[in-house]
Amino acid sequence: MGFDVNRFQGPVDEELICPICSGVLQDPVQAPDCEHAFCRLCMNEWINRQPTCPLDRTPITAAQLLPAPRILRNLLSRLRIKCDNFVHGCQQDIKLDALMAHLEECEYNPKRPITCEQGCSLIIPKDEMKNHNCVRELRNLIQSQHQNVTEMRRELSEQQFQLNEQKREIHLLKDFMRAMRVSNPIMRDIAEQMERDEVARWSATLPRARVTRWGGMISTPDELLQTMIKRTLSEYNCPPHVINELMENCHERKWPAGLNSLETRQNSRRQYESYVCKRVPGKQAVIVLHCDNTHMPEDMTVEPGLVMIFAHGIE
């Protein structure tokens, strides 16, 4: 519906009047062939009843309506209109294109949001403030939040159930493929590729790490350190089929030839900066996965990867 003509200063050009509602055009659209202009809402309602132009009966659909031309929108924007709140005392005349911005700030707007100064600091429509009760509103807010939390917990529980079911099905599939790979070379290749792809996808979820002190590397970590790192890898969804291998590779006895002694590590130190390292979240440790480091020499990597634990020096 268009704006009431009586709200505008002076006469309004007939070209700016909607032929359907006889108000000043609001959100105007134009028929594609005859170029008659109408309020968008008025025209949509008209077309739902009769898909023709109201003036010359040219067939038309809602999808064919075009935005009003810029010159028409410019003429509308220059019109001066009384504020919607003139019945509440606002005396301002505003350009039509500034009306919405004015309404948000108009001090006479009965729905203007204001902050309660009685203690609860809730945002309340101005016309509701006289009946506002802080205790009641806070109680309602807490009840609403409690309902939201309950609903979120229910949805989370359902999602967790679905996730567990999917994990169970995936484990069954993996068990089946492991059984098949023993006797079927093709299945063996497919299963191995799937496992490599799973490791690569997991690697993409981990943040990149930068080692600032390679000398802080602990080449023979104790069992407690290993247990802490293993638990973290499990919590961050490390694929089960590689987690034990990664942890076995955190000790220098399992490291590749370029790392398996203090002497070789000192000789290879210049190459360390070329490693793509992924951070073990929250720990002074990184994972050097083979899939991320195919650019490295063979004596500097190992399948599926290795864990390096540090005393310090991880960013």
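The values are calculated or read from the model by the stated rules, or taken from the named source; none is laboratory data. The model shown is predicted, which means the values in this text are computed figures rather than measured ones. Cβ placement follows ideal geometry from the backbone for every residue including glycine, while neighbour counts extend to all protein chains displayed.
Just a few scattered comments:
- Residue satisfying condition, being closer than 27 Å to HIS36 by Cβ, surrounded by 13 or more Cβ atoms within 10 Å (Cβ to Cβ), in the same structural domain as PRO32 (by TED's automatic domain parsing) and touching a Leu at 6+ places or on another chain (Cβ under 8 Å), within set LEU96, LEU72: LEU72
- Every residue from the stretch 260-273 that is more than 42 Å from the chain's Cα centre (by Cα), buried (at least 16 other Cβ atoms within 10 Å of the Cβ) and not polar (S, T, N, Q): ARG265
- Which numbered condition ALA209 misses (of (1) exposed (fewer than 15 other Cβ atoms within 10 Å of the Cβ); (2) at pLDDT 80 or above): (1)
- Filter result (modelled with pLDDT of 90 or more and among the basic types (Lys, Arg)) within the stretch 246-280: LYS278, ARG279
- Pair list, Cβ < 6 Å and 6+ apart or interchain, from the stretch 49-61 residues that are over 16 Å from CYS39 (Cα atoms) to residues that are surrounded by 11 or more Cβ atoms within 10 Å (Cβ to Cβ): ASP56/CYS34; THR58/ASP33; THR58/CYS34; PRO59/THR52
- Of everything listed in (1) within 29 Å of the chain's Cα centre (by Cα); (2) among the polar types (S, T, N, Q); (3) within 18 Å of ARG208 (Cβ to Cβ), the single unmet condition for ASN293 is (1).
- Residues within the stretch 15-44 that are in contact with a Ser or Thr (Cβ under 8 Å, 6 or more places away or on another chain) and touching a residue at least 40 places away in the same chain (Cβ under 8 Å), tallied: 0
- Flag if VAL29 is more than 30 Å from ARG112 (Cβ to Cβ) and at pLDDT 90 or above: yes
- Hits in the stretch 35-54 (condition: surrounded by 13 or more Cβ atoms within 10 Å (Cβ to Cβ) and within 19 Å of ARG73 (Cβ to Cβ)): HIS36, ALA37, PHE38, CYS39, ARG40, LEU41, CYS42, MET43, ASN44
- All positions within the stretch 1-38 that are among the β-branched types (Val, Ile, Thr) and outside any loop (DSSP other than H, G, I, E, B): VAL5, ILE17, VAL24, VAL29
- Selection count where residues are assigned to a loop (DSSP other than H, G, I, E, B), over 15 Å from ILE17 (Cα atoms) and not hydrophobic (A, V, I, L, M, F, W, C), scope the stretch 48-68: 6
- Apart from one condition, SER121 fits all of (1) assigned to a helix (DSSP H, G or I); (2) loosely packed, with under 12 Cβ neighbours inside 10 Å; the exception is (1).
- Flag if ARG49 is within 25 Å of LEU96 (Cβ to Cβ), among the basic types (Lys, Arg) and assigned by TED's automatic domain parsing to the domain that holds GLY10: no
- Scan of the stretch 84-134 for residues that are charged (D, E, K, R) and under 21 Å from GLY10 (Cα atoms), ordered by number: ASP84, ASP93, LYS95, ASP97
- Any hit, the stretch 278-298, residues being of a type in the set (D, E, K, R), farther than 14 Å from ILE314 by Cβ and loosely packed, with under 15 Cβ neighbours inside 10 Å: yes
- Matching residues, the stretch 75-118, being outside any helix (DSSP H, G or I) and more than 25 Å from VAL5 (Cβ to Cβ): GLU107, ARG112, PRO113, ILE114, THR115, CYS116, GLU117, GLN118
- Every residue from the stretch 246-274 that is more than 16 Å from GLY216 (Cα to Cα) and in contact (Cβ under 8 Å) with a residue 60 or more places away in the chain: LEU246, MET247
- Test result for LEU65, assigned by TED's automatic domain parsing to the domain that holds MET43 and either more than 30 Å from TRP46 (Cα to Cα) or not small (Gly, Ala, Ser) (or both): yes
- Taken as a whole, the condition of being of a type outside the set (A, V, I, L, M), within 19 Å of LYS95 (Cβ to Cβ) and surrounded by fewer than 12 Cβ atoms within 10 Å (Cβ to Cβ) does not apply to ARG57.
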